Amino acid sequence: MTLADYPTKTGQWTLSIHRVTSSAVEIWAGTLFPTLKMPDVARVELEAPDGSLITREIRRADWQRPFRFLNQRFYVLCRFDGLQPATRYKVRFWRRIEEVPGVLTESWQDLRSGTFDTLPTALPLLGQVPFTLGLASCFYNQRDGGQAASAYLALYERGAEEVRPSITILAGDQVYLDIGFDSLSLLAHEIRQRIAEDYAIHWQALGSILTSGGTWCLPDDHEYWNDFPFYDSLIPALLSLKLSRVRRAWTQSARDGVENIQRSPAIETFSIGSDLSFCMADLRSYRSKNQFMRKEDFEHLCDWARNLQCPGVLAIPQLLVDEPDKHERNLLSFKDQYARLLQALAHSGNDILVISGDVHYGRIASTRLGNKGARLIEVVSSPMSNLTGLNGIATAVPSRRPELFPDPKKIRIPGWDPAPVTYDPRFEVSSRPGRLFSAYPKDRTREHFMTLSFSRDPGGDIQVSVDAWRIRERDPQTNLPVRDFSEPFVTRLRRVSL
C-alpha cells in the first residue's frame, strides 16, 4: 500500500500562492495548526502545461515559525523563477511518508494543490479574453461554512472566461482577532495562542481562494484590533489593551501574522507591460498619531503616483472617497497625508482606479481627480462574510456620501476644485433585512466578492468591467455564484498621451 493516490483530507495543511509576476511566483506551504508533525522531507512542485516539473525539496532545517513566541506551526517559502508569462501552472505540496514494514511502503502524500497564471506582458486587446482581478475584504468565519471559498473557486474554475480571476487582492480584515470576550485575557501566552488559532481557522476556510491564482493581502484594523494602533475604544472586549504588556503581546503576534502569513507589503508595485500599473499600500500597520503611513513608505507611494505613465490601480484597506467617522479613524483623520496623497494621484493626469474594502458595503463611486481632466473611480467590496450576534450590529448599506470630492467642509487642497461624486444605485451591492435576536440583528450588505476585468484599446486607454458576485446564492443550473449587479459596470481608464 502507498499514499501516492490518497491526498490528505485533514484540511490542516496550507498552501498559499503569493507574488506572481510574468516570470516568477512565491509559494507559502506549511500548517497553522499546532497538531501536525513537521515533515523531515517535503517538496513543492510546479507543473507546466507541457508536463515538465520544477521541484523544491524541503528539509527539516528549512521550516520557519510564523509566530516568534510559539513553538508549534511551521511554514516554508519557495520562490520559482524562469517561468513563462501568461501561462497556467499547477502547484502541489507533498510530504514523504516513511516505510512501515508490512503495512506501508515509503511514499509521497499529496497535502495541498493549486493553480496560478503568471502575469501577461501586456493587457489583452478588446475582444480578447481580459485580464481579471478578484477583490474582496472582511471575512468572519463563524457562519461562513466554506461558502466564500467555494463560490470563489467555482467562478475561478468554471466561470465564463471574461470573469475568471487570475489574481486576487484581499483588501483587509481577512481575520478578526478582536472578536469575543477571550480578548480580555491578560496572559501573553493565551493572547498569542488565540491569535494563532484565529489564523488557522480563517486560513483553512479561505483555502480555495489562496490556492486559486496569486493573492495579495492588505491588512486593516481587525488584523490587529479595532481602530489599531489606537486603544481608546470603549468596546468591553478590548479594555485589556490599556495594559502595556497586553498591547505588546497582541501587537507582536498580530504583526507576525501580517508579515509571515499574509505576507503583506508596506508598499509594493508591479505593472502589466506599459499598460497598467498596480500599487498595494498598507495604510494601517504603521500608523501613528499624525500619519497613516511611515514617511519613507509614503514617499514611495507618492512617487509611484506622480510618475505614472499609464492608468494606475491603487489597492488600499480604507476608502479615499469618504467622510469623517466620529467613532474611529479613517484616512480623513490624517489630513496632511490625505491631501498630499490626493495631490500625488492627480499629478500625472492619468485616470486612477482605487480598490478597497473595510466598510461592510459594496459600491462604485466616480469623480474628477484634480484639475488636469483625470478621473478617480473607486470600487469597494465588503464583506465576504458578515459578523454575527452582538457583533452583527457592525453592518452597513451603501453610502452615497460625500457629495463633493474632496469635501470642502472637511478639507481644502490649494488649486483643486471640489467635484460632484457619482454614485449609481445600479452598482451598489444589495442588502438583506436583519431580524432582532437573530444572528444578524441589523440590515446588512449581502456577502460578496467582485471581479474587475481589464482590456486595452489600440489607443492605450483601458476598459474595465466590474461584476459583483453573491457568495451565498448559486445559479441552480450551473452552481455558480449569482451576479448582484443586473449588468456589469463598464468604464474607461484614460491614458495621458506621452
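The values are calculated or read from the model by the stated rules, or taken from the named source; none is laboratory data. Given the structure is predicted, the values throughout are model-derived calculations rather than measurements. Here the Cβ is made from the backbone with ideal geometry for all residues, glycine too, and neighbour counts use every protein chain on show. The protein model used for the area step is the full one, side chains on, heavy atoms only, and it has no ligands, DNA or RNA in it. Shrake-Rupley method; radii C 1.70, N 1.55, O 1.52, S 1.80 Å.
Condition first: among the hydrophobic types (A, V, I, L, M, F, W, C), without any contact (Cβ under 8 Å) to a residue 24 or more places away in the chain and within 30 Å of Ser22 (Cβ to Cβ). Can you find one or more residues in the stretch 198-212 that meet it? Please lay out each step first, then the result.
So the first thing to find is which residues in the stretch 198-212 are among the hydrophobic types (A, V, I, L, M, F, W, C), and the list is 200-201, 203, 205-206, 209-210.
The next check asks that each one be without any contact (Cβ under 8 Å) to a residue 24 or more places away in the chain; those that pass are none.
No, the conditions are met nowhere in the stretch 198-212.
How about the stretch 352-396: which strands (runs of 3 or more DSSP E) wholly inside it have at least 3 residues that are open to solvent by 10 Å² or more (accessible area, probe 1.4 Å), among the basic types (Lys, Arg) and under 19 Å from Arg495 (Cβ atoms)? Outline the logic, then answer.
Values: elements: 352-356, 363-369, 374-380.
Result: empty, no element qualifies.
Scan (1) part of a helix (DSSP H, G or I); (2) open to solvent by 50 Å² or more (accessible area, probe 1.4 Å); (3) modelled with pLDDT of 95 or more for the single condition Arg192 breaks and write down its number.
(2)
Just to be sure before I move on: is Pro402 touching a helix residue (DSSP H, G or I) at 6+ places or on another chain (Cβ under 7 Å), of a type outside the set (S, T, N, Q) and open to solvent by less than 30 Å² (accessible area, probe 1.4 Å) in the structure I sent?
Numbers: touching a helix residue (DSSP H, G or I) at 6+ places or on another chain (Cβ under 7 Å): no; of a type outside the set (S, T, N, Q): yes; open to solvent by less than 30 Å² (accessible area, probe 1.4 Å): yes.
Judged against the criteria, Pro402 is not a match.
Of the residues Arg294, Arg306, Arg284, which single one is open to solvent by less than 10 Å² (accessible area, probe 1.4 Å) and either at positive phi or of a type outside the set (Asp, Glu) (or both)? Before the answer, list the steps.
Working: Arg294 fails: open to solvent by less than 10 Å² (accessible area, probe 1.4 Å); Arg306 fails: open to solvent by less than 10 Å² (accessible area, probe 1.4 Å).
From the options Arg294, Arg306, Arg284, the qualifying one is Arg284.
Could you tell me which residue of the stretch 405-421 is nearest to Leu332 (Cα to Cα), considering only residues that are surrounded by fewer than 16 Cβ atoms within 10 Å (Cβ to Cβ) and of a type in the set (D, E, K, R)?
The qualifying residue nearest to Leu332 (Cα to Cα) is Lys410.
For the structure I just gave you, tell me whether Val76 is of a type in the set (A, V, I, L, M, F, W, C) and assigned to a strand (DSSP E or B).
Details: of a type in the set (A, V, I, L, M, F, W, C): yes; assigned to a strand (DSSP E or B): yes.
Yes.
Tell me, yes or no, whether the stretch 422-431 has at least one residue that is modelled with pLDDT under 95, open to solvent by 30 Å² or more (accessible area, probe 1.4 Å) and not acidic (Asp, Glu). Break it down into steps so the answer makes sense when it comes.
We begin by selecting, within the stretch 422-431, every residue modelled with pLDDT under 95; these are none.
Looking through the stretch 422-431, none of the residues is modelled with pLDDT under 95, open to solvent by 30 Å² or more (accessible area, probe 1.4 Å) and not acidic (Asp, Glu).
Looking at Trp416, Trp469, which is the one that is hydrophobic (A, V, I, L, M, F, W, C) and more than 22 Å from Leu170 (Cβ to Cβ)? Lay out the reasoning, then the answer.
Numbers: Trp469 fails: more than 22 Å from Leu170 (Cβ to Cβ).
After ruling out the rest, the residue left standing is Trp416.
Can you name the residue in the stretch 203-214 that is open to solvent by 10 Å² or more (accessible area, probe 1.4 Å) and assigned to a helix (DSSP H, G or I) and, of all such residues, is nearest to Val91 (Cα to Cα)? Please lay out each step first, then the result.
The initial filter retains those residues of the stretch 203-214 that are open to solvent by 10 Å² or more (accessible area, probe 1.4 Å), namely 204-205, 208, 211.
Next cut, assigned to a helix (DSSP H, G or I) only: 204-205, 208.
Working: Gln204: 18, Ala205: 19, Ser208: 13 Å.
The selected residue is Ser208.
Return the residues of the stretch 151-171 that are in contact with a helix residue (DSSP H, G or I) (Cβ under 7 Å, 6 or more places away or on another chain) and part of a loop (DSSP other than H, G, I, E, B); say none if nothing qualifies.
Within the stretch 151-171, the first condition is being in contact with a helix residue (DSSP H, G or I) (Cβ under 7 Å, 6 or more places away or on another chain), and the residues that meet it are 152-153, 155, 163-165, 168.
The answer is Arg164, Pro165.
For the stretch 226-249, give me each residue that is among the hydroxyl-bearing types (Ser, Thr, Tyr) and without any contact (Cβ under 8 Å) to a residue 12 or more places away in the chain.
In the first step, residues of the stretch 226-249 are kept if they are among the hydroxyl-bearing types (Ser, Thr, Tyr); the result is 231, 233, 240, 244.
Ser244 - this is the single residue of the stretch 226-249 that is among the hydroxyl-bearing types (Ser, Thr, Tyr) and without any contact (Cβ under 8 Å) to a residue 12 or more places away in the chain.
Among the numbered criteria (1) modelled with pLDDT of 95 or more; (2) assigned to a strand (DSSP E or B), which single criterion is violated by Ala148?
Answer for Ala148: the failing condition is (2).
In the list Ile27, Ile58, Ile54, Ile17, which residue meets the criterion of being buried (at least 18 other Cβ atoms within 10 Å of the Cβ) and either over 20 Å from the mean Cα position of the chain (by Cα) or hydroxyl-bearing (Ser, Thr, Tyr) (or both)? If you could, list the steps in order and put the result at the bottom.
On the way: Ile27 fails: either over 20 Å from the mean Cα position of the chain (by Cα) or hydroxyl-bearing (Ser, Thr, Tyr) (or both); Ile54 fails: buried (at least 18 other Cβ atoms within 10 Å of the Cβ); Ile17 fails: either over 20 Å from the mean Cα position of the chain (by Cα) or hydroxyl-bearing (Ser, Thr, Tyr) (or both).
Unique residue meeting the criteria: Ile58.
Under 9 Å between Cβ atoms, at least 6 apart or on separate chains: pull out the pairs that start in the stretch 434-448 with a residue that is more than 21 Å from Trp469 (Cα to Cα) and end on any residue that is surrounded by 20 or more Cβ atoms within 10 Å (Cβ to Cβ).
Final answer for the pair search is Ala439/Asn386; Pro441/Thr395; Lys442/Thr395.
Going residue by residue through the stretch 337-346, is there one that turns out to be touching a strand residue (DSSP E or B) at 6+ places or on another chain (Cβ under 8 Å) and either open to solvent by 20 Å² or more (accessible area, probe 1.4 Å) or of a type in the set (S, T, N, Q) (or both)?
No, because not a single residue in the stretch 337-346 is touching a strand residue (DSSP E or B) at 6+ places or on another chain (Cβ under 8 Å) and either open to solvent by 20 Å² or more (accessible area, probe 1.4 Å) or of a type in the set (S, T, N, Q) (or both).
Among the numbered conditions (1) within 23 Å of Leu206 (Cβ to Cβ); (2) small (Gly, Ala, Ser); (3) open to solvent by 20 Å² or more (accessible area, probe 1.4 Å); (4) at pLDDT 95 or above, tell me where Gly11 comes up short.
Answer for Gly11: the failing condition is (4).
Looking at the structure I just gave you, is Gln262 surrounded by 18 or more Cβ atoms within 10 Å (Cβ to Cβ), in contact (Cβ under 8 Å) with a residue 60 or more places away in the chain and in contact with a Cys (Cβ under 7 Å, 6 or more places away or on another chain)? Break it down into steps so the answer makes sense when it comes.
On the way: surrounded by 18 or more Cβ atoms within 10 Å (Cβ to Cβ): yes; in contact (Cβ under 8 Å) with a residue 60 or more places away in the chain: yes; in contact with a Cys (Cβ under 7 Å, 6 or more places away or on another chain): yes.
Criteria met by Gln262.
Quick test for you: out of Gly82, Gly114, pick the one residue that is assigned to a loop (DSSP other than H, G, I, E, B) and in contact with a Ser or Thr (Cβ under 8 Å, 6 or more places away or on another chain).
Numbers: Gly114 fails: assigned to a loop (DSSP other than H, G, I, E, B).
Answer to the check: Gly82.
Scanning for something buried (at least 21 other Cβ atoms within 10 Å of the Cβ), outside any strand (DSSP E or B) and either touching a residue at least 40 places away in the same chain (Cβ under 8 Å) or acidic (Asp, Glu) (or both), does the stretch 488-495 turn up at least one residue?
Residues of the stretch 488-495 buried (at least 21 other Cβ atoms within 10 Å of the Cβ): 493, 495.
In the following step, the residues that additionally are outside any strand (DSSP E or B) were identified as 495.
Adding the requirement that they be either touching a residue at least 40 places away in the same chain (Cβ under 8 Å) or acidic (Asp, Glu) (or both) leaves 495.
Within the stretch 488-495, one or more residues are buried (at least 21 other Cβ atoms within 10 Å of the Cβ), outside any strand (DSSP E or B) and either touching a residue at least 40 places away in the same chain (Cβ under 8 Å) or acidic (Asp, Glu) (or both).
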